[in-house]
């Protein structure tokens, strides 16, 4: 999406950072980005722009999105040239992706811009600008870090509680005529704050690709000074913030990736790794979840395509490290952010302290799931014991009934 993190929250402690070469103090880079431009994930029933308008189908990375990430990879090359080897070295970088095709493809495009082959890395004389670089992924239902598709009952409960708050019920009452109108025009049933994003997303994608949208989307809505489409986008942004409102939701969704970032910086500060960059290819929800866990997303909106949070570890003297957090949207400028409770150059030990409350100790347990093998084994033992006890009890009852009948027949 073309909206970006709301810098009203950040402006008083944000500076612009532009660099052509890597800072000599740099020791490690963690970054997560949103995939590039994509087709809509759904088409509403009355939409005249059907699936055939999108050559690869729905939810797919477009050529525009591919170029976004290729250019982003070149930006990374320019920024970290001298820190990263000019030729690909597999021990220097680890890349992980959400198990969505658009995220995997974005990672490959990004790496093509970051690591064009040189010299003996040109493996085919007819292909001089690309080389294969591994990108790792895992099934959505096993991913609580990038895709965030792993089941978390506690988060679901918290989100449903949010949807029942007075603020939301008043909002839905206030906008009931709007939801009814959009539902009738789009052919979608039961539109509300939790699902209105789907129609907003479809219209956004169509406008981004110069398709003619349904006329009702551009008409003014009553006396509110905005079009139906603009109001859809406004409500979409509000709904997006509700995903991570509150400490516990931020901890459950953004905490796992923040925990990995922190652990990787600690490991680097102890000289226990040769990896220089950890790259994560994800979604707007991934980027927003991390910003939320860093207390940098309270008034934010959905991060645009290819937006990125970059967390750098620097060393200013022996045994002394500091952390820089940067946000890059659709421009070539990275914004240096200040995490609440710290400074721009945040000492690593302070960064650890202020982020600790947002990093789950046992994510599965906090989600209300079985947390480890020992718990599973113990529970299985209890179940097995209970089943055996039940079988034995039934056998005893049958024997008792049999004996009673035998006694009566003898009498």
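The values are calculated or read from the model by the stated rules, or taken from the named source; none is laboratory data. None of these values were measured; they are calculated from a predicted model. Reconstructed Cβ throughout: ideal geometry from the backbone, glycine too, with neighbour counts over all protein chains shown.
Descriptive notes on the structure:
- Test: residue in the stretch 128-135 that is more than 25 Å from residue 273 (Cα to Cα) and not in a loop (DSSP other than H, G, I, E, B): no
- Every condition in (1) part of a loop (DSSP other than H, G, I, E, B); (2) more than 16 Å from the chain's Cα centre (by Cα); (3) in contact (Cβ under 8 Å) with a residue 40 or more places away in the chain; (4) under 25 Å from residue 66 (Cβ atoms) is met by residue 326 except one, and the failing one is (1).
- Residues in the stretch 201-217 that are crowded, with 18+ Cβ neighbours inside 10 Å, in contact (Cβ under 8 Å) with a residue 40 or more places away in the chain and assigned to a helix (DSSP H, G or I): 201, 202, 204, 205, 206.
- Residue match in the stretch 302-313 (condition: surrounded by fewer than 20 Cβ atoms within 10 Å (Cβ to Cβ), in contact (Cβ under 8 Å) with a residue 24 or more places away in the chain, more than 15 Å from the chain's Cα centre (by Cα) and not in a helix (DSSP H, G or I)): no
- Unmet criterion (only one of (1) touching a residue at least 12 places away in the same chain (Cβ under 8 Å); (2) surrounded by fewer than 15 Cβ atoms within 10 Å (Cβ to Cβ); (3) under 26 Å from the mean Cα position of the chain (by Cα)) for residue 132: (1)
- Lone unmet requirement of (1) farther than 25 Å from residue 359 by Cβ; (2) at pLDDT 95 or above; (3) in a loop (DSSP other than H, G, I, E, B) for residue 295: (1)
Residues checked against (1) at pLDDT 95 or above; (2) touching a strand residue (DSSP E or B) at 6+ places or on another chain (Cβ under 9 Å); (3) under 21 Å from residue 249 (Cβ atoms):
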position	(1), (2), (3)
143	yes, yes, yes
150	yes, no, yes
154	yes, no, yes
157	yes, no, yes
178	yes, no, no
181	yes, no, no
186	yes, no, no
189	no, no, no
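- Screening residue 242 with (1) under 27 Å from residue 287 (Cβ atoms); (2) free of Cβ contacts under 8 Å to residues at least 12 places away in the same chain; (3) touching a helix residue (DSSP H, G or I) at 6+ places or on another chain (Cβ under 7 Å) gives one miss only, at (2).
- Filter pass, residue 264 being surrounded by fewer than 17 Cβ atoms within 10 Å (Cβ to Cβ), more than 17 Å from the chain's Cα centre (by Cα) and either without any contact (Cβ under 8 Å) to a residue 12 or more places away in the chain or closer than 28 Å to residue 365 by Cβ (or both): no
- Test: residue in the stretch 19-35 that is at pLDDT 95 or above, in a loop (DSSP other than H, G, I, E, B) and under 25 Å from the mean Cα position of the chain (by Cα): yes
- When 357, 347 are checked against the criterion of being under 30 Å from residue 292 (Cβ atoms), surrounded by fewer than 13 Cβ atoms within 10 Å (Cβ to Cβ) and either modelled with pLDDT under 80 or assigned by TED's automatic domain parsing to the domain that holds residue 254 (or both), 357 stands alone in meeting it.
- Qualifying residue in the stretch 48-56 (condition: surrounded by fewer than 15 Cβ atoms within 10 Å (Cβ to Cβ) and either touching a helix residue (DSSP H, G or I) at 6+ places or on another chain (Cβ under 8 Å) or outside any loop (DSSP other than H, G, I, E, B) (or both)): yes
- If the condition is being assigned to a helix (DSSP H, G or I) and either in contact (Cβ under 8 Å) with a residue 40 or more places away in the chain or buried (at least 22 other Cβ atoms within 10 Å of the Cβ) (or both), then the stretch 218-239 contributes 228, 231, 232, 233, 235, 236, 237, 238, 239.
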